[in-house]
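Heads up: the structure comes next, in structure tokens.
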Amino acid sequence: MTFFKDLDTIMKQDFGNRGLLKELPDNPIRETLTALTLARRVILLTGFPVRLEDGSYVGETDGPLGTADIAAALTALGASVLVITDEPAFSIVSDVICCRAPKAKLLMLPKTDTAEFIRSCIKTFEPTHFISLERPGKAANGHYHSMRGEILDDMITDSALFLSEAKKAGATTISIGDGGNEMGMGTYRDVIERFVPFGETICTAESADITLACGVSNWWGTGIAALCSLIAEKDLLPTREEETEGLRLAVAAGSVDGCTRKREMTVDRLDLETHLGILDAVRDILKKELDLCAIA
């Protein structure tokens, strides 16, 4: 098997049995690698809110770590990176980004005049790439949804305009998701509507230029860091210790597991060691690929 096929297989492990991944085509990994070679100024958007029992809400543990891994890898390549999220996830994302990718800039989406902010951000930063990771996408009915079909509009600052404005500005758009309700996942509408519970309701309306699916969205943070490693010809993956510290910081800042809604060291019901196993598997295939490149 090639590196690309191996990486696709690792990303598509479906521990949560969501029903989406086995029906999808291979992730466009070669296309993603080619696109990333041109990354100079990148906007990263993340933050998925979870409603707690008392009615309050906070960002989940899936999103901040993967975004930080991408930010760290891209800044190591010399790209300028701007990370954006909204209020429920801001302190969480801020703590993880400051630790893992201190060269990246961070902004919070304002609750008012959001469309103006987005357009100004695109115009000022002039991104070559826009990447969303575990960010809710707006469905055809105009609402944001959880995997359970619940409407999340009151918890989210409307960020759907980012995708269309980035495309309009000529940026390559890459979206990452694991369930079908994330920004850009409209690429796989047929599969989502057929095989995902509530798929017809939750599937997002818009598609990204490149859409990457996985068992847990954070994993593509590792995956993209691996692709950046191929470009740099050296390992840019986080260490096990860095990934562990990232999750610890997220939980300490109030983040909860999006499935259990508990403040614990898990992501989508999966324990830390499971996620570190994904990191180990990616590092193994990356090392082999870098060794082959060195020989060639």
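Read the figures in this text as sums done on the coordinates, not as results from a lab. These figures come from a predicted structure and were not determined experimentally. Methodologically, a virtual Cβ is constructed for each residue, glycine included, from the backbone with ideal geometry; neighbour enumeration extends over all protein chains shown.
For region 116-175, which trypsin sites (Lys or Arg not before Pro) pass both filters: DSSP loop (anything but H, G, I, E, B) and at most 13 other C-beta atoms within 10 Å? Don't skip to the end; give the middle numbers.
Details: sites: Arg119, Lys123, Lys138, Arg148, Lys167, Lys168; in loops: Arg148.
For trypsin sites (Lys or Arg not before Pro) across region 116-175 that sit outside H, G, I, E and B with at most 13 neighbouring Cβ atoms in 10 Å, the list reads Arg148.
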For region 10-31 and region 77-131, distance of Cα centres in Å:
27 Å
Please list the non-local residues whose amide H lies under 5 Å from the amide H of Leu106, H modeled 1.01 Å from N, same-chain partners needing a gap of 5 or more.
Val83
Of all the C-alpha pairs in region 13-58, what % are more than 18 Å from each other?
66 percent
Residue by residue, what Karplus-based ³J(HN,Hα) values in Hz, rounded to whole numbers, does region 52-58 have, using 6.51, -1.76 and 1.60 with θ = phi - 60° and x for Gly and Pro?
8, 4, 7, x, 6, 8, 8
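Just add up the charged neighbours of Val256: K/R +1, D/E -1, any other residue whose Cβ is under 9 Å from the Cβ of Val256. Walk me through the intermediate numbers first.
Working: positive: Arg261, Lys262, Arg263; negative: Glu60, Asp257, Glu264.
Net of charged neighbours comes to 0.
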List the residues whose amide H sits under 5 Å from the amide H of Cys259, counting only those 5 or more places along or on another chain, with H placed 1.01 Å from N in the peptide plane.
Asp268, Arg269
In terms of modelled amide H atoms, which long-range or inter-chain residues lie less than 5 Å from the amide H of Met185?
Thr204
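Report the antiparallel proportion of the DSSP beta bridges in the chain as a percent, rounded to a multiple of 5. Don't jump to the answer; show the numbers that get you there.
Details: 10 of 33 bridges.
For the chain, the DSSP antiparallel bridge percentage is about 30.
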Under 22 Å Cα-Cα from Lys12, which lysines qualify once same-chain neighbours fewer than 8 residues away are excluded?
Lys22, Lys287, Lys288
Going Cα to Cα from Lys111, which lysines come in below 20 Å? Please leave out same-chain ones fewer than 8 positions away.
Lys123, Lys138
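Quote the relative contact order of region 180-294 in percent (integer), defining contacts as alpha-carbon pairs under 8 Å separated by 6+ residues.
On the way: 114 pairs, mean separation 22.0, N = 115.
RCO, region 180-294: 19 percent.
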Binned at 5 Å starting from 0, the alpha-carbon pair-distance distribution of the chain in whole percents comes out as 1, 6, 13, 18, 21, 19, 13, 6, 2, 1, 0, 0
